[in-house]
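Quick note: the coordinates plus some simple rules give every number you see, no bench work behind them. A quick note: this is a predicted structure, and the numbers were derived from the prediction, not measured. Here Cβ is always computed from backbone atoms with ideal geometry, including for glycine, and neighbour counts include all displayed protein chains.
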Amino acid sequence: MRTIDNVSTAGAVLVGATVFAVSLYSLYADYTSFKPTLNIAVDLALLFLSAIIIGGSLNLRKRLTGYEVAAERAFDEVVYSRLKPIIDEVAIGIVEINALRKKVEDVENKISVVERLATEQKLTPEYKVNFYFRALIAMLFYLGTFIFMTQYTLPYLHLVTILLFIYWWLFITHEFEIFNKGEALIMFAAPVLIAPSSYLLLRVFIGTAATQAIMFLISGVYAYYYYNLAKGLVGGEKKKLSEILKITFRKKD
């Protein structure tokens, strides 16, 4: 694995461990101060999420190692298998010089495609390792803000609620580069206009703790929906590297 992959996956595990430690401390504080059962349930949920982050990071590292092996195998199967006949033809002197030059140029073009796809991974954002690392950073800010909301009672918490949505909007919009899309502007305006008033109304009817839990769940649904919307806007699903290579080479042939 490349150095950046090692650093990213190690950082992801560190982020998960940090969230786990903060959640464990919050659980202890809530339990010893006899906070409502809902607060303790939220702390347990955060502990579970941090475990998922750590496990997912380790699983991502395993997948990246497999991806690197698959890329090397695709290179051997697709490129070398096409280079070998050319080398044989050159060795026995069958191909004329002009035809050989053209084939060599085609091979060079194909190799450049392999290098670009295998090293730069210019696919959709969610298939880049840095995407997951930055997502974990966004998750850290997201969970940190929510824990702050549950621990402190301030008069402007209904405005802080907007941050639960804005973190995900900034992250997804930046990763998919859709700042100029009308849908992105709508997804930005909706929580800014609706979240504060909804928080105030819900707090009147069901209390602060339940309201915070509901806003946390809604912001999670918002992030999931906006992520899928962004994928649809930039277009298409990822194909396996070997499939991309074969399709590319078939078009060139």
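Numbers at a glance
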{"item": "Hits in the stretch 145-199 - residues which are crowded, with 18+ Cβ neighbours inside 10 Å and not in a helix (DSSP H, G or I)", "result": "Ile178"}
{"item": "Matching residues in the stretch 204-214 - criterion: being without any contact (Cβ under 8 Å) to a residue 12 or more places away in the chain, part of a helix (DSSP H, G or I) and not aliphatic (A, V, I, L, M)", "result": "Phe205"}
{"item": "The stretch 134-155 residues that are basic (Lys, Arg), paired with ones that are surrounded by 15 or more Cβ atoms within 10 Å (Cβ to Cβ) (beta carbon under 8 Å, 6 or more apart)", "result": "Arg134/Phe171; Arg134/Glu175"}
